[in-house]
Amino acid sequence: MSLPYKSYFRPEIDAMQGYVPGEQPKMQKLIKLNTNENPYPPSEKVLQALKELDMKRLRLYPDPLADDLCNLVAEHWGLTRNMVIAANGSDDLLTMVFRAFTSEKLAVSFLDPTYSLYKILAQMQHAKVIKIALEGDEFAMPANILEQAKESNLLIITRPNAPTGNSFAKSTMREICEKFDGVVLIDEAYADFAEDNCIDLVKEYSNVIVSRTFSKSYSLAGMRLGYAVGDARLIDGLYKLKDSYNVDLVAQTAAKAAFADQENLKKNSEAIKATREKMRKALEDMNFTIVPSQANFLFAAPPDGDGEGYFKALRDAAIIVRYFPGERTGKYVRITIGLPEEMEKVLEVTKKRYFS
């Protein structure tokens, strides 16, 4: 006879709900537009590098520091090697950052709405969360963000933001970095689809970290790769917290080849931005409300404001997008920008729903 279960978890772990990733459905003939994956394959140079990889080396541990990759990143952005750290996706970087800068006594501030993993990571640290509501239909940055965030040790700004897709003025970001008395993490998962980025701010301010991922613009979501740049002293602290061998040999090989092919990155990003603009105009012509996007997705509210109904209608047609329940977000769906023919199918189903 087994004894009744007794929880041995910390109370905050028992009380929390785990992060729920975007659905990875197994439907046949599916148009999958729910997790912001790139519709184009990785660079041919990635495929060639993997073909040439000596698989016998898999018996050996990988470079624990991913030096070759970090050197490429540092050179590209005009940084020194000690200002770069590689990781098993940007989520790995976020875990390091939360371990480093939050606790029961050190609060974190982030935007609302934004990436839902932040809340989970804060709960793991038993850290106080200060949510800073974005304003109006365009989800704009509030003018008093510094006042709202002043009690926190870590301020996260997702730029472009997710799930809304909008960005924030570079001048505003510079002011925040200059005046915030704590660490500013700028999550740039979607920056390669935007008009600009904030990586240069790490050269100006010692309290800034910028994180990047290979999942979106480099078409390597299945590899789990990311990196962060920042002041050497901040990056040195993060190295104390990373897993010993957090980026495997195959992933390092793919990442080096992908990052070296900036021409392919630009080509695919420009194609996605062109499709995004065409999709935006088509939906607005059908009276959708679209948040101005600088990401590889659109945050779109149908004319009847029934985001859930639209989500279900697309799903019934084997088109999977992302729906975020909530008073503000529930009016919208988030539509990843796919191939042009996939977006035409979305428009076909949409026209049938609202104009038939």
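So what is log10(I(q)/I(0)) for the chain at q = 0.13 1/Å, when the Debye sum runs over its Cα atoms only?
-1.08
Against the 2.2 N^0.38 Å scaling, with N counting residues, where does the range 245-334 land? I'd like the Cα-based Rg ratio to two decimal places.
1.43
So, in nm, how far is label I120 from label R10 when the simple model puts each one 7 Å beyond its Cα toward the Cβ?
1.6
Could you please rank L53, L93, placing first whichever residue has the fewest other Cβ atoms within 10 Å of its Cβ? Display every interim value, and only then the final one.
Details: L53 15, L93 25.
So the ranking, lowest neighbour count to highest, is L53, L93.
Taking 0.36 nm per intervening residue step and subtracting the Cα-Cα distance, what contour gain separates E277 from T172 on full extension?
Details: separation 105, 0.36 × 105 = 37.80 nm, distance 2.52 nm.
Value of the extension gain: 35.3 nm.
Binned at 10 Å from 0, what are the whole-percent values of the Cα-Cα distance distribution for the range 63-156, short to long?
For the range 63-156, the binned pair fractions read 15, 35, 29, 19, 1 percent.
Sticking with the crude label model, points 7 Å out along Cα→Cβ, report the distance from E195 to E344 in nm, one decimal please.
Between E195 and E344, the simple spin-label model gives 3.1 nm.
Sequence gap at least 6, Cα distance under 8 Å: using those rules, report the relative contact order of the chain to the nearest whole percent. The partial results should precede the final answer.
Numbers: 636 pairs, mean separation 81.0, N = 356.
Relative contact order for the chain comes out at 23 percent.
Starting with the fewest neighbours, write out S43, S206 ranked by other beta-carbon atoms found within 10 Å of each beta-carbon. Don't jump to the answer; show the numbers that get you there.
Working: S43 24, S206 13.
By the 10 Å Cβ count, ascending: S206, S43.
What fraction of the DSSP beta bridges in the range 45-157 is antiparallel, stated in percent and rounded to the nearest 5? Present the calculation step by step, with values, prior to reporting the outcome.
Numbers: 1 of 10 bridges.
Counting DSSP beta bridges with both partners in the range 45-157, the antiparallel share is about 10 percent.
How would S2, S116 line up from fewest to most surrounding beta-carbon atoms within 10 angstrom?
S2, S116
Y354 to D137: extension gain in nm, 0.36 nm per residue of separation minus the Cα-Cα distance? Don't skip to the end; give the middle numbers.
On the way: separation 217, 0.36 × 217 = 78.12 nm, distance 2.20 nm.
Using 0.36 nm per residue and subtracting the Cα-Cα distance, I get 75.9 nm.
Counting DSSP beta bridges in the chain, what percent are antiparallel, to the nearest 5? Numbers along the way, then the final one.
Numbers: 17 of 37 bridges.
Counting DSSP beta bridges with both partners in the chain, the antiparallel share is about 45 percent.
No lab work stands behind these numbers, since they all come straight from the coordinates. Bear in mind the structure is a predicted one, so any value in this text is a computation, not a measurement. No Cβ is skipped: glycine too gets one built from the backbone with ideal geometry, and neighbour counts run over all protein chains shown.
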